[in-house]
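Novice: Next up is a structure, given as structure tokens.
The values are calculated or read from the model by the stated rules, or taken from the named source; none is laboratory data. Please read all numbers here as calculations on a predicted model, not as lab measurements. These area figures cover heavy atoms from the full protein model, side chains too; ligands, DNA and RNA do not enter into them. Shrake-Rupley method; radii C 1.70, N 1.55, O 1.52, S 1.80 Å.
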Amino acid sequence: MTTYPFARALGAALLGAAPSVPALPALAGIKDYAFEPTRTEAKVGETILSVRLMDKRTGKPVPDAVIFAKRIDMAPDSMDEMTSTIEQVPSTEPGIYRFKAKLTMAGGWRLSLGAKVQGETGTVEDRLVFQAVK
């Protein structure tokens, strides 16, 4: 087997001369976002439930998401079929999303949300539990 020292040296020199490419910053993914309740307890009857959409990488709230799916039910108390009315209402704080709900009885209520975050592909989906008390 014939070796060519010059060719081997040239190859090593070319590899060492390759420009280094700076690492690109990590892009956000839809899993980098999550909803969290501002309070986990609410009064039975007409109430306002507030949640915060957070960017888990920065710990900052995410404003201007589009909430397109919402449901409230008593799944935490094994009553998935027990649902109630819920509607989104305006919020004065960026990143806080508010919902008017009618919690018809005391117990655990699950708020299921679906949202689009501007500039991201995919849907943020979350399920939050609230305790309704008299």
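Novice: Plugging the Kirkwood radius over Cα pairs into Stokes-Einstein for region 45-110, at a temperature of 25 °C and a viscosity of 0.890 mPa s, what D comes out in µm²/s? Show your work: numbers first, answer last.
Specialist: Working: Rh = 13.1 Å.
Once the numbers are plugged in, D ends up at 188 µm²/s.
Novice: Just reorder Val89, Val66, Val124 by solvent-accessible area, largest first, 1.4 Å probe, all chains present. Mind dumping the intermediate values first?
Specialist: Numbers: Val89 30, Val66 85, Val124 5 Å².
Highest to lowest solvent-accessible surface, that is Val66, Val89, Val124.
Novice: Another question about this same structure. So for Met74, Met79, what's the accessible-area order with a 1.4 Å probe, most first?
Specialist: Ranking Met74, Met79 by accessible area, largest first, yields Met79, Met74.
Novice: Okay, next question. Using protein chains only and a probe of 1.4 angstrom, how many square angstrom of Glu81 are accessible, to the nearest 10?
Specialist: 140 Å²
Novice: With the cut-off at 27 Å, tell me which of the pairs Lys60/Lys100; Lys31/Lys70; Lys43/Lys70; Lys60/Lys102 have Cα atoms farther apart than that.
Specialist: Values: Lys60/Lys100 24 Å; Lys31/Lys70 19 Å; Lys43/Lys70 19 Å; Lys60/Lys102 29 Å.
With Cα atoms farther than 27 Å apart: Lys60/Lys102.
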